[in-house]
1. When only DSSP loop residues count, what trypsin sites (Lys or Arg not before Pro) in the range 51-122 have their Cβ near at most 16 other Cβ atoms within 10 Å?
2. Which loop-located trypsin sites (Lys or Arg not before Pro) does the range 271-373 contain, where loop means any DSSP state but H, G, I, E or B and the Cβ has at most 14 other Cβ atoms within 10 Å?
3. Using the Karplus curve 6.51 cos²θ - 1.76 cosθ + 1.60 with θ = phi - 60°, what ³J(HN,Hα) values do you get for each residue of the range 399-410, in whole Hz, with x for Gly and Pro?
4. If the limit is 26 Å between Cα atoms, which of K221/K430; K133/K238; K377/K461; K272/K352; K168/K383; K221/K377 go over it?
5. With a 1.4 Å probe and all protein chains left in place, how much accessible area per residue does the chain have, in Å²?
6. What is the Cα coordinate range of the range 95-165 on the first, second and third principal axes, sorted by size from largest, in whole angstrom?
7. Rank-order 254-261, 235-242, 69-76, 555-562 by packing density, defined as the average count of other C-beta atoms within 10 Å over each peptide's residues, highest first.
8. So how do K126, K430, K221 rank on accessible area, 1.4 Å probe, biggest first, that is with the largest at the start?
Amino acid sequence: MRLQHLVYKLKQRQANSSNSNMRTMVKPCFLYLLASFLLLTVSTSLATASPNPSFYDSFLGCLTQNTKSSTQLSNILFAPTNPSFQTVLQNYIRNARFNTSSTPKPLLIITPLTESHVQAAVLCAKSANIHIKIRSGGHDYEGVSYTSPTPFIIMDMFNLRTITVDLKNEVALVQAGATLGELYYRIWENSKVHGFPAGVCLTLGVGGHISGGGYGNMLRKYGLSVDNVIDAQIVDVKGNLLNRETMGEDLFWAIRGGGGGSFGVIVSYTIKLVDLPQTVTVFRVEKTLEQNATDLVVQWQQVAPTTDERLFMRMLVQPVSSKVVKGTITVRTSVVALFLGGANELVSILAKQFPLLGLKKENCIELSWIDSVLWWKDDKNFKAGMKPETLLDRDVNSAGFLKRKSDYVEKAIPRDGLELIWKKMIELGKVGLVFNPYGGKMAETPSDATPFPHRKGNLFKIQYSINWDDPSAAAAQNFTSEAKMLYSYMTPYVSKNPRSAFLNYRDLDIGVNSFGNTSFQEGQVYGIKYFNHNFERLVKVKTAVDPDNFFRNEQSIPVSPPNFRNYKIKTV
């Protein structure tokens with residue numbers, strides 16, 4: 001049946017290809033080679049991606065035809081038989097759950113060096129009807145940029161990492177494969193009083209981070225990364241390289257929070273730099289249940305989303321071994337903060353607004369902004385005098401086993417609710433929570449300004465976080481189930497109709513698309529949770545720019561059904 005299905009799908013794809021609006025049509029010999037490849041591999045596990053020289057040669061030939069680059073293209077195209085294939089594949093896998101012998105592997109990996117390589121790769125993948133996955137940093141929590149249940153290739157953007165800082169105009173052009181660490185470093189090289197509001201995880205790839213929204217510890221003052229994007233370059237399904245003017249405002253809107261992988265290949269973003277003081281302040285204060293942590297969280301919910309917009313106070317909540325009652329588990333809360341100003345002012349503000357924190361000046365560290373970036377990377381091992389050059393470390397091949405989920409809180413969780421949550425966390429044993437406060441700029445920005453809708457009315461976002469070391473399938477089942485159980489338990493305390501989620505905390509539990517006859521309905525399930533009322537506009541943009549749904553992943557924006565106008569968008 002699998003063989004018959006593949007042959008049927010191939011014939012379907014050939015028919016669709018003949019009617020497509022491609023600039024470069026696939027040659028009959030290439031279709032023959034592709035058919036041969038599929039038939040030869042039906043009995044071979046996709047996890048091993050049995051090599052087929054004819055497929056590689058045909059794809060390489062197509063690239064050569066469609067690019068004027070002087071690059072030796074065989075140096076950027078990797079087949080499974082290439083000794084470097086495994087290294088290139090694994091370097092940017094950030095979740096070890098998707099780096100096992102049974103994980104489906106790509107048929108090829110292409111690592112473009114120029115925009116023309118990206119354009120050619122899109123044309124050739126489209127001609128061959130091969131699914132293409134796009135990877136910039138590999139941090140997508142469910143591995144959707146480097147795994148697929150169907151035959152696929154990976155376009156890995158890590159070579160496209162040029163960053164150009166224009167201080168005169170206070171902007172920077174950053175290519176999709178650059179990391180946040182590299183971006184911060186290049187800004188610091190040019191200015192000690194400029195920065196950019198983005199994530200605290202420094203190995204995030206710019207392409208995925210910004211296209212999904214992009215948030216960090218300056219969001220209350222400057223909003224999301226996407227709120228500070230003024231231009232972009234994207235390669236569309238026809239292989240065209242477009243900027244804001246040529247793509248139009250609808251597509252430009254969509255790729256600032258709607259996920260670039262649904263619409264094309266993001267090549268670069270032009271970002272607006274923000275002004276920063278010469279001195280910022282950071283601190284970490286920890287309290288356990290025995291130290292009145294519950295009262296602290298009650299007060300944190302009142303203060304963190306409403307305080308001075310220069311202040312971001314993240315709260316980590318984790319089950320830990322008690323130091324008071326040996327042999328028991330307690331809950332520890334950690335307030336980790338960045339203030340865009342000096343320690344004296346910060347201590348004064350929190351003495352009035354957040355007295356239960358008990359912040360003292362000796363708890364604070366005054367730093368330059370670039371040093372605060374290093375502190376947030378690993379505050380417990382931070383040392384004065386650390387070199388900003390460490391921001392350039394990509395830390396490749398450093399995957400751990402993990403699961404993440406997300407929620408939004410619109411009404412403060414009452415004290416008795418918190419006590420029940422702590423009890424459940426202690427019972428489960430390992431999963432932790434991260435509370436990220438909103439307010440400030442986030443509450444001032446309209447919910448439809450970008451596809452990211454979670455603005456006014458949200459007190460904070462929750463990340464469910466669990467990591468483990470055991471590589472066994474049983475461990476993965478156990479720990480992912482733990483995250484799901486706490487997520488289920490939290491239902492009464494989080495947003496409803498829809499129960500919202502954050503796209504960059506990718507979570508396949510909330511819905512997956514199989515791209516069959518019910519693709520729109522399947523996409524609606526997760527789409528409403530990620531994008532709320534913005535989902536309908538994203539579907540319209542998707543249908544206009546990629547009507548055949550070539551750019552897709554397990555949770556991409558679907559194209560609209562014929563009777564889309566008659567659909568009533570449902571909340572879930």
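1. Passing sites in the range 51-122 are K68.
2. Of the trypsin sites (Lys or Arg not before Pro), the ones in loops of the range 271-373 whose Cβ has at most 14 other Cβ atoms within 10 Å are K323, K326, K360.
3. 6, x, 8, 7, 9, 10, 9, 8, 8, 10, 10, 9
4. K221/K430; K272/K352; K168/K383
5. Normalised by residue count, the accessible surface of the chain is 41 Å².
6. 39, 33, 14
7. 254-261, 555-562, 235-242, 69-76
8. Final ranking, largest accessible area leading: K430, K221, K126.
The values are calculated or read from the model by the stated rules, or taken from the named source; none is laboratory data. Note that the coordinates shown come from a computational prediction; the quantities given were computed from them, not determined experimentally. No Cβ is skipped: glycine too gets one built from the backbone with ideal geometry, and neighbour counts run over all protein chains shown. Calculation scope for accessible area: heavy atoms of the full protein, side chains included, ligands and nucleic acids excluded. Shrake-Rupley method; radii C 1.70, N 1.55, O 1.52, S 1.80 Å.
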